[in-house]
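A.B. asks: Before anything else, here's the structure in question.
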Amino acid sequence: MNMQDHVLAALREQFARWEEVLASMSEAQIITPQLPANWSIKDEIAHLRTWQQRSIARLEAAVANREPEFPQWGPAIDPDAEGATDQMNAWMYEAHRDQSWSTVQANWRAGFLQFLELGKVIPEKELLDGGKYAWLEGHPLAFVLVASYDHHQEHLEKLLARLAR
């Protein structure tokens, strides 16, 4: 198995695990805010989806051989700036808190599947070439795939720990 297939297989497993966990929960469990952040699982999925949009923009840029066209986020917040994460997360929460669970879930699911498809069509050589995309500042595009996996895994581990209590 080449590196691209390995990373995509891990992402598909991650997606399946999330789908399994979410399907095992009631909507009340999913939309009820929980400590410590007082976010619901719905809020966390919206958070993952919002960050996922930046990753999709990077993969789309690679496919089209152009600079990424990132979604508009919050009022004048640069998500790549040092210390912007808390501001971004607060903006994400406010932007999505009134969306229904079905909307949040459908958007996250469609985005994850789109992300997987984009990851599949980019040649492995281009995914692994750290010099291919100047806008990644020396990182290979595969880093975007791995970072998405890690971000989803981080939130899944926290969710599973909460469910185990």
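A.B. asks: Need the failing condition index for Met92 against (1) surrounded by 12 or more Cβ atoms within 10 Å (Cβ to Cβ); (2) modelled with pLDDT of 90 or more, just the number.
C.D. replies: (2)
A.B. asks: For segment 133-158, how many residues are in contact (Cβ under 8 Å) with a residue 60 or more places away in the chain and touching an Asp or Glu at 6+ places or on another chain (Cβ under 7 Å)?
C.D. replies: 3
A.B. asks: Which of the residues belonging to segment 86-139 are part of a helix (DSSP H, G or I), within 26 Å of Ala9 (Cβ to Cβ) and acidic (Asp, Glu)?
C.D. replies: Within segment 86-139, Glu117, Glu124, Glu126 meet the criteria.
The values are calculated or read from the model by the stated rules, or taken from the named source; none is laboratory data. Computed from a predicted structure; not experimentally measured. Glycine also receives a Cβ, built like all others from the backbone with ideal geometry; neighbour counts cover every protein chain displayed.
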